[in-house]
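Okay, structure first, notes after.
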Amino acid sequence: MATTKRAKQKEANAYEHTRTGMSVDALRRAFLDNLFYVQGRFPDVATPNDFYQALAHTIRDRLLHRWITTAQTYKNAGSRTVCYLSAEFLLGPHLRNNIINLGILDEVRQAMTALGLDLYELLEQEEEPGLGNGGLGRLAACYLDSLATLQVPAIGYGIRYEFGIFDQQIRDGWQVEVTDKWLGAGNPWELRRPKIQFEVKFGGHTEHYSDDGRHRVGWVPESVEKSVGYDTPISGYKVSNANLLRLWTAEAPESFDFQAFNLGDYYGSVGQKVESENLTKVLYPNDEPEAGKALRLRQQYFFCSCSLQDMLRIYTKHHDSGADLERFHEKFVVQLNDTHPAVSVPELMRLLMDERGMDWDRAWRVTQKTFAYTNHTLLPEALEKWPVSLFGRMLPRHLEIIYEINRRFLDEVRLRYPGDNEKLSRLSLIDEGGGRYVRMAHLACVGSSAVNGVAALHTELLKSRVMRDFCELWPEKFSNKTNGVTPRRFMVLSNPELSKLISGRIGEEWVTHLDELRKLEKHVDEPGFNEEWRRCKQSNKQALAKHIREHTGVAIDPETMFDIQVKRIHEYKRQHLNVLHIVTLYNRIKQNPDVDVTPRTFIFGGKAAPGYFMAKLIIKLINSVGDVVNRDPDVRDRLKVVYFPDFNVKHAQWVYPAADLSEQISTAGKEASGTGNMKFTLNGALTIGTLDGANIEIRQEVGPENFFLFGLAADEVYTLQAEGYRPWEYYQENADLRQAIDLISSGFFAGGDPNLFKPLVDSLMSYDPYLLFADYQSYVDGQDEVGHAYRDQGHWTRMSILNVARAGKFSSDRAIREYCADIWHVEPVPVELPEQGAAHRAAALDLNNRKRSETAA
Ligand code: NBG
């Protein structure tokens, strides 16, 4: 029975693939065509990159077919579109993801094999677009994936940085930053759209005047920049929908300033072009002080203005009631990914009022209904604010609008809380305490109809602390949307073996309905299954070991526990707490060489902001401790420390599937959610973690008995800080801690230099806001428990299976469904794909008709 069904399905697939140009033969022919006509190469002289490009174009063409059909379908449906505005999209390599989404991995592999090529070597050629720093940008990419898979009309809008996040090298234990030249070999996934071009003004002054009794405002800018859109298709998993990611780049309005050129100022005229194009040159690393980053504010405004102008263009074109902009929000809902796009609020007001003649009240109604805002951090230093003076100089009209929004808003507050000046100054969009600043989170909140946090605890803290006054004012605006990650990239793509094992037991439904993983629970005590599960992990560990060896020359042993911490390097994420544990184990072994410790390989990865001294020192510390530990014959077979350089999406895909233990050890209340924690869990790693961010929900789902908890809870952190945290006392009272710190202070890991790590130790011993010492003992105890548990491989594997089985909640599909239902109020619009030939014929017909009607006219 089942076989006939499968055979029928196979036949249907084969038919579908022929129909849509995805049979092995069609793929092979298209590949060769692209090699000749796009790359201009014969196989004999083609480089691996030529082969990659030819295959990428082959796949892209198949997506374009879907994409055009999707655009038509959405247009005809007249449905509401979600616009996801984000300064970062950390997409990761496209090729394999798109092949998987098209459901043609086998076909492509066969087509390449027939030509004597190895698909996996070609995949390795791809440079990933590193247009993001970390979790926030990666979340945006996961959400685009889910939006397309769920068939929701959506556009991602962002910036096409010429240089994305820097490439990281480790030299002598230190981080060295190297420019990321991701466009160097050409980007086959994007289409330049020279006609989708907008002007963006900067600087100058405003002029207020009366026109037929109506108050009008003109903005006389100092400079005008021009944008060009680049489009990348975003495929959904095994659906015909393909959405759009539109990234903006700045181009000089004229390649030359001809006037200056005629006057003989050749370099000056080229300089203007260089200055314009600098605008979208480079992504800013986060975790650095915002002050003085005028270019960053320029970038933010630039991409928001282009995106909103584009939406207005589409609105006017598609819903040809262009005059009726009062219903704009019925067709577009705009999600602000953190405050980076918050300047969209005054920009939409300006476009509606100054450029389309709408009055304030109407424009404000539309604006508020259009926007929703996601907050991604509670760290005060990460909450964006711009000096009023800088803002006014760059965006004089926007500052006026912000003042007016604020005036009206504070009038409302005064009515609600007469005489409460404290509250007024706490809520104001302008921070008046010591220098004047525009508070971007306040602007985003006032200008939006919905505000959300990214994990349950984070939303609670947002409501009760950072945005408390706002929540009191508009409780209905606030909600929680716990983050999620895409199971396509982070399971199907990066962990094919485990995916196959899972599908063999419970079918393939889980790929789009991750809750289905629950069905694994009934297999948990099947001895065969348990064993296969362990074999998968082992084989992924071998693969990672090989990969690390190729990249760093360091050999690691897949028989040891892989204890992994990969994420941005930051004091609040406490990579140095992990180091304290390593040093503690080292001391234990040195004191008693026969002591029983579970052999572990500690793997670290992550970039530090180039200007964040402490974070860079933490990297040096990890490498220095590694140097000593790895070389010491007493510990060599039991502890190993490696730094895997240049952690990015491509490398991450090797890491998560190979982890035994996931380190999620931030100080409680500091990590908004985390998404790496979810990726580890879904790949069968167990977590040692604090009650922070989404860890809390992971623990709830998988069960406390399958999670290693340690450390203070957020309220205990606040209490301790309020009472006065005295790290010195922990140091005095805890001999192991003292020994670890003393060893670092002595210069033992620094070639005898006691000054190298002094700044780090000083901070831990005095004002440390991340309370390492307070959590130290509890962490070491938790780690001992981990070491003990790992010895019982049967039980460990059981816990690993249960972690996966119960982690269905952490799919980005679930998160996007919640956004759709509660915030965006949008519905799926399924797309039906015509035959490739039929699509061409329809287009030709269309063109003929157009020609005929033009002739007639
Ligand atoms: C980050 C948080 C993470 C969270 C991601 C995605 C910023 C400002 N915030 O905890 O630190 O998982 O956002 O929501 O990058």
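What to note about this one:
- Of all residues in the range 298-313 being charged (D, E, K, R) and more than 18 Å from Glu277 (Cα to Cα), the one that is least open to solvent (accessible area, probe 1.4 Å): Asp310
- The listed residue being among the small types (Gly, Ala, Ser), over 22 Å from the mean Cα position of the chain (by Cα) and open to solvent by 20 Å² or more (accessible area, probe 1.4 Å), out of Ala363, Ala382, Ala294: Ala294
- The range 158-199: number of residues that are aromatic (Phe, Trp, Tyr), open to solvent by 40 Å² or more (accessible area, probe 1.4 Å) and within 18 Å of Leu279 (Cβ to Cβ): 1
One line per residue, one yes/no per condition, for (1) within 16 Å of the ligand (Cβ to nearest atom); (2) modelled with pLDDT of 95 or more; (3) over 23 Å from Asn480 (Cβ atoms):
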site	(1), (2), (3)
Leu351	no, yes, yes
Arg362	no, yes, yes
Gln368	no, yes, no
Asn375	yes, yes, no
Arg393	no, yes, yes
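- Of the residues making up the range 493-545, those that are among the polar types (S, T, N, Q), buried (at least 18 other Cβ atoms within 10 Å of the Cβ) and closer than 20 Å to Ile104 by Cα are Ser494, Asn495, Ser499, Thr512.
- Restricting attention to the range 40-52, the residues being without any contact (Cβ under 8 Å) to a residue 60 or more places away in the chain and in a helix (DSSP H, G or I) number 1.
- Residues that are under 30 Å from Tyr417 (Cα atoms), in contact with a helix residue (DSSP H, G or I) (Cβ under 9 Å, 6 or more places away or on another chain) and either open to solvent by 60 Å² or more (accessible area, probe 1.4 Å) or of a type in the set (Asp, Glu) (or both) occur in the range 474-488; there is at least one.
- Number of positions in the range 511-525 that are in contact (Cβ under 8 Å) with a residue 24 or more places away in the chain and not in a loop (DSSP other than H, G, I, E, B): 10
- Residues of the range 560-592 satisfying the condition of being in contact with a strand residue (DSSP E or B) (Cβ under 7 Å, 6 or more places away or on another chain), under 18 Å from Pro645 (Cα atoms) and not β-branched (Val, Ile, Thr): Phe562, Asp563, Gln565, Gln575, Asn578
- Test: residue in the range 91-111 that is in contact with a helix residue (DSSP H, G or I) (Cβ under 8 Å, 6 or more places away or on another chain), over 26 Å from Ser23 (Cβ atoms) and crowded, with 19+ Cβ neighbours inside 10 Å: yes
- Criterion (within 16 Å of the ligand (Cβ to nearest atom), out of contact with any Cys (no Cβ under 6 Å at 6 or more places or on another chain) and not basic (Lys, Arg)) met by exactly one of Ala543, Ala456, Ala555: Ala456
- Residues that are among the polar types (S, T, N, Q) and open to solvent by 10 Å² or more (accessible area, probe 1.4 Å), drawn from the range 369-379: Thr377
- For the range 636-643, the count of residues that are within 16 Å of the ligand (Cβ to nearest atom) and open to solvent by 20 Å² or more (accessible area, probe 1.4 Å) is zero.
- In this structure, Lys423 does satisfy being more than 16 Å from the ligand (Cβ to nearest atom) and either open to solvent by less than 20 Å² (accessible area, probe 1.4 Å) or touching a Gly at 6+ places or on another chain (Cβ under 8 Å) (or both).
The values are calculated or read from the model by the stated rules, or taken from the named source; none is laboratory data. Everything numeric in this text was worked out from a predicted model, so none of it was measured. FYI the Cβ positions are ideal-geometry reconstructions off the backbone, even for glycines, and counts take in every protein chain you see. For the accessible areas, the whole protein counts, side chains as well, though only heavy atoms, and no ligand, DNA or RNA atoms are used. Shrake-Rupley method; radii C 1.70, N 1.55, O 1.52, S 1.80 Å.
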